[in-house]
Amino acid sequence: MSLDLAPSPVRSDAPAPSSGRALTVAIVGATGAVGAELIDQLERRAFPVGELRLLASPRSAGRSLTFRGRPVAVQVLDDDAFDGVDVAFFSAGAGVSRRYGPVAAARGALVVDNSSAFRMDEATPLVVPEVNGRDLPAEGAGRLVANPNCVTAVAVMALGPLHNEVPIRRVIAATYQAASGAGAAAMEELRASTAAYLDGRAFQPQVLKHPYAFNLFSHDAAVDPATGYNGEESKVMDELRKILGAPDLRVGITCVRVPVLRAHAMALTVEFASPLAAERAREILSTAPGVRLVDDVAANHFPMPNEASGRDEVLVGRIRPDTSDPTGCSLALFVVGDQLLKGAALNAIQIAEAMVGR
Ligand code: A2P
C-alpha cells in the first residue's frame, strides 16, 4: 500500500457557512507556526473571510503575511484590535489568551482558543468536532470554545469512535512528539542543529533545553514533583476525560519530544469495558470521519510522521490485541497526526465552521 504524500486537497466536506456574510476574522499569533497554518486553512477551506486581521507582538510590527495572494500587514495586539471581529483564533500562548480572550468575546467575537488557558474551565467547551461536536455551545450561548492539546486532539480521533462502540476504561500512551508543538523557533532549531551536527559544528540549543539533532528527550514541560507527570502529560489526561465525557477514565502517559518537524506519533494501549476484536476496531476506524487506516501488515506499512505531515486525516494502524491482557478487553494501536493541522489549526477552523455554519 502506498499513501499519496501530497497535501490533502481542499476538503469537499467543509461546510458552507450559512450566514452568507463575509466575516471579519482575527488571528492572534499570526506569525507563529500555528498562525501560518490558520491563514492557510482559511484560504484552503474557503472560510468566508471579508477582512483578515493578523495580530502578533510588537516584535512583528512592520511585517506582512500573504493571504489569498495579497500582503496583509501584521498589527500589534491590543484591545481595540477586536472591534468588529466576528471570529478570533488565538494561538499565542495561555497568557495572551487569558488577557485578550475575554476582551474579544466581550466585544462580540466567537473566540476559538488554541491555548490551555480555558480548556478545563467547566463552562468552556473543549471540542474535537468529529468526536464531541455536541458540546459546542448552542446558538446565542457561550462565545469561547477551547481547542485541545495537540496530543489529545490526535489521540481522541482514534479513541472516540472506539469509545462509542465499547466504553474505554484505561489508556496507556507513549508519545513521539514533533518540534512544531514547541513553536516555529523550535522547528528552526531542529533544522539548524541537524545541519550543524552533520557538518560537525558545535550547536548551542536556544529554544529547547537539550540537543535535538539525532536525540530525543522527555517533553520540555515542567514535571510536577507531587505527581511525577509533566504539564503535557497532565493536560492529555484531563482533556481526554473531558472530551470523551469519561471522568473516571484511567490514563497513564509518557510524552517524549523526537526530532520530527510537525507530526506527532503515539502508541496507545486501550482497555475497554468488554472485549473488542481488532478486526471490529479496524472496521470502525476505516469509516471514522477524519481518520485514515494505514495498517498494511504484509508491507509493514503503518502510520508515519512523513505521511501524516500536511494531511488533514489522522493515520491509525498497528491495530492488534494487547496480549498482556488475557481478558481480550485491550487493544494496541499506533496513531500519527499533523500537530499543526488536526492538532491545532484544522481543528480550530472546524470548530469555527460548525459555529458560523449554523
Ligand atoms: P511574534 O512573532 O511577534 O513573537 P510560536 O508558537 O510559533 O512560537 O508562535 C507564537 C505566536 O504568538 C507568534 O505569532 C508570536 O508573535 C505570538 N505572541 C507571543 N507573545 C505574544 C504577545 N505577548 N502578544 C501578541 N502576540 C504574541
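The values are calculated or read from the model by the stated rules, or taken from the named source; none is laboratory data. Nothing here was measured: the structure is a model prediction, and the numbers come from that model. Neighbour counts run over all protein chains shown; Cβ positions are idealised from the backbone, glycine included. Please note that ligands, DNA and RNA were not included when accessible areas were found on the heavy atoms of the full protein model with its side chains. Shrake-Rupley method; radii C 1.70, N 1.55, O 1.52, S 1.80 Å.
Some values worked out for this structure:
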item: Student exercise, the range 46-170 dipole from Lys, Arg, Asp, Glu Cβ charges, in Debye to nearest 20; result: 420 debye
item: Trypsin sites (Lys or Arg not before Pro) restricted to the range 237-338 and DSSP loop, no more than 12 other C-beta within 10 Å; result: none
item: Options V111, V270, L77, ranked by Cα towards positive dipole end of the chain, top entry (Cβ charges); result: L77
item: Sequence-distant residues sharing a close amide H with R107 (under 5 Å, placed H); result: none
item: Where GluC sites (Glu not before Pro) in DSSP loops with at most 14 other Cβ within 10 Å are excluded, longest remaining stretch of the chain; result: 140-358
item: Cα-based shape type of the range 20-108, given that a ≥ b ≥ c are square roots of the gyration tensor eigenvalues and the cut on a/c is 1.5; result: oblate
item: Built amide H within the under 5 Å cut-off of S115, gap 5+; result: N147
item: E43/T227 FRET efficiency (R0 45 Å; Cβ-Cβ; nearest 0.05); result: 0.60
item: The range 330-340 - phi-based ³J(HN,Hα) in whole Hz, Karplus 6.51/-1.76/1.60, Gly and Pro as x; result: 10, 10, 10, 8, 10, 10, 9, x, 5, 4, 7
item: Span from the the range 92-149 Cα centroid across to the the range 244-310 one, whole angstrom; result: 26 Å
item: Protein accessible area in the range 152-339, 1.4 Å probe - carbon and sulfur %; result: 54 percent
item: Full-extension gain in nm, E122 to A277, via 0.36 nm per residue minus C-alpha separation; result: 52.3 nm
item: Amide H contacts of F67 (H built 1.01 Å from N, under 5 Å, at least 5 apart or other chain); result: V72
item: DSSP-defined antiparallel bridges as percent of all bridges, the chain, nearest 5; result: 50 percent
item: Karplus (6.51, -1.76, 1.60) ³J(HN,Hα), θ = phi - 60°, over the range 160-173, in Hz, Gly and Pro reported as x; result: x, x, 6, 4, 5, 7, 9, x, 8, 9, 8, 10, 10, 10
item: Stretch gain in nm, segment R68-V297, where the contour uses 0.36 nm per residue and the Cα spacing is subtracted; result: 78.2 nm
item: The range 152-339: antiparallel DSSP beta bridges as a percent of all, rounded to 5; result: 75 percent
item: In degrees, nearest ten, helix 346-356 long axis to first principal axis of the chain (Cα); result: 60 degrees
item: Among V335, A352, L261 the positive-end extreme of the charge dipole of the chain (Cβ point charges); result: L261
item: Environment charge at A56 (Cβ cut-off 12 Å; Lys +1, Arg +1, Asp -1, Glu -1); result: +2
item: Cα shape, the range 296-343, gyration tensor, a/c 1.5 rule; result: oblate
item: Near-label residues of the range 255-274 by backbone N, under 15 Å of a point 7 Å along Cα→Cβ of S57; result: none
item: Under the Karplus curve 6.51 cos²θ - 1.76 cosθ + 1.60, θ = phi - 60°, whole-Hz ³J(HN,Hα) for the range 83-90, x wherever Gly or Pro sits; result: 4, x, 7, 8, 9, 10, 9, 10
item: The range 224-358: C-alpha gyration tensor shape, a/c 1.5 cut-off, then a/b vs b/c; result: rounded
item: Angle in degrees between helix 94-106 and the longest Cα principal axis of the chain, rounded to the nearest 10; result: 60 degrees
item: Helix-only CD estimate at 222 nm, as mean residue ellipticity for the chain, using -39500 (n - 2.57) per DSSP H run (n ≥ 4); result: -8500 deg cm²/dmol
